[in-house]
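Visitor: The structure is given below, and queries will be raised subsequently.
No value in this document is a laboratory result; all are computed from the given coordinates. Being a predicted model, the structure only gives us computed values, none of them experimental. We place every Cβ from the backbone using ideal geometry, glycine too, and count neighbours over all the protein chains shown.
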Amino acid sequence: MTESVASRARLSGLPREPMLDRPPASSSGLRVAFDPGDVQSGLGKLVLTVVELIRQLLERQAIHRMEAGSLTEEEVERLGLTFLQLSEQIARLREQFRLLEEDLNLDLGPLGKLL
């Protein structure tokens, strides 16, 4: 015998419906509203920022290894092509989410910019 979420909420004394649309009794009438488009865009921005950060870190590591002479010419060529393709894919996704390159650079306050 399974209980519905609403019946469990009634039994526990919790409200039956989420209160996201209703302002708290002591608020000045502010409401929390979620727009699915904003959520998708924000998530896209976050994911692309993390991917771009990782891409830059990997690229720097590859440059260090290349300067140290620990990569063959074939490996250097393959890494270059891989980073070029990744940059192009990130650019396409930025366009899809209508983001500019600088949108992926988070401001970390006193620490400065992320990228």
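Visitor: Can you give me the long-range amide H partners of Leu71? Hydrogens built in the peptide plane at 1.01 Å from N, cutoff under 5 Å, separation of 5 or more residues or another chain.
Guide: Hits under the 5 Å cutoff: none.
Visitor: What net charge do the residues around Leu79 carry, taking every other residue with its C-beta under 9 Å from that of Leu79, with Lys and Arg at +1 and Asp and Glu at -1?
Guide: Value of the local net charge: -1.
Visitor: Here is a follow-up. Quick check on packing: order 46-55, 104-113 by the mean number of other C-beta atoms within 10 Å, highest mean leading.
Guide: 46-55, 104-113
Visitor: Run a plain Debye calculation on region 27-115 (Cα atoms as equal point scatterers, no solvent) and give log10 I(q)/I(0) at q = 0.12, 0.16, 0.20, 0.22 Å⁻¹, rounded to two decimals, same order as the q list.
Guide: Results for region 27-115 at q = 0.12, 0.16, 0.20, 0.22 Å⁻¹ read -0.52, -0.78, -1.00, -1.07.
Visitor: Still on this structure: In nm, to one decimal, how far is the modelled label at Leu114 from the one at Ile54, with both set 7 Å along Cα→Cβ?
Guide: Result for the modelled spin labels: 1.3 nm.
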